[in-house]
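Presented below is the structure to which this report refers.
Values quoted throughout were computed directly from the atomic coordinates according to the rules given, and no laboratory measurement underlies them. Note that this is a predicted model, so its numbers are computed, not measured. Heads up, the Cβs are rebuilt from the backbone with ideal geometry, glycines too, and the neighbour counts pull from every protein chain shown.
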Amino acid sequence: MTILQGLKKIKHLDRKIEKSRERISRWCSYLSDEEPMYNADGVRKLLQSTMDLITERNIIRHAIHKTNILVQADFQGKKVTVDELIIMTTLTIPAEIATLKLLRRKEKQYHHNKEAKVVLQYDPHERDKEIDKLEDTLDTLNVLLDNINITTELIK
């Protein structure tokens, strides 16, 4: 099973778990004038099957985490783990972009001193180039991760 297949399987299991949880919640007790859908044995079986689905999902998740830590890829001439690529994609680069976007020109608006001028402490063109470079890197990383997810077999 590839990483992508594992991720799809987790999503499918999550839907099944949620549906089973709804059934458990609905039928674990009932009013005496209602016709029960499940008897006590049926509710126990439903509970056990849900626990089995949770265990299966956790086994797949563990395999994905293990694979992400152990599998390496070439990125910008260096060997890095898939886990490092994921952290760069989801945390590091978005945080850097958000930080660079803080560099904005102040507006004078209703400043009491009409002679006041806006003084920039940064170069807007350099900021924009750096943001573009980071966004390009993010695109490259996403393509690389997509290829890894499609082709890499899970390590169990």
Under 5 Å, built H, 5+ apart or other chain: amide partners of I155: T67
Cα→Cβ-extended label distance, 7 Å offset, between D74 and E115, nm: 6.2
Whichever lysines have a C-alpha closer than 25 Å to that of K79, once near sequence neighbours (fewer than 8 apart) are set aside: K66, K133, K156
Rounded to the nearest 20 debye, dipole of the chain from Cβ charges on Lys, Arg, Asp, Glu: 220
Residue list for the stretch 1-30, given a label point 7 angstrom along the Cα-to-Cβ vector of E153 and an amide N cut-off under 15 Å: 1-6
Net charge dipole size for the stretch 1-70 [Lys, Arg +1 and Asp, Glu -1 on Cβ; Debye, nearest 20]: 560
In sequence order, calculated HN-Hα J values of the stretch 76-81 (Karplus, 6.51, -1.76, 1.60; Hz; x Gly/Pro): 6, x, 10, 8, 9, 7
Cα-based shape type of the chain, given that a ≥ b ≥ c are square roots of the gyration tensor eigenvalues and the cut on a/c is 1.5: oblate
Relative contact order computed over the stretch 1-70 (Cα-Cα under 8 Å; 6+ residues apart), in percent: 47
Cα-based shape type of the stretch 1-89, given that a ≥ b ≥ c are square roots of the gyration tensor eigenvalues and the cut on a/c is 1.5: prolate
Average Cα contact separation per residue, the chain, under 8 Å, 6 or more apart, as relative contact order %: 35
Cα-based reach from K101 at 20 Å (exclusive), listing aspartates and glutamates while leaving out same-chain residues under 8 positions away: D123, E126, D128, E130, D132, E135, D136, D139
Most positive-pole-ward Cα, I155, P124, I24, against dipole of the chain from beta carbon charges: I24
3J(HN,Hα) from dihedral phi, the stretch 131-141, Karplus parametrisation 6.51/-1.76/1.60, rounded to Hz, x for glycine, proline: 5, 4, 4, 5, 5, 5, 4, 4, 4, 4, 4
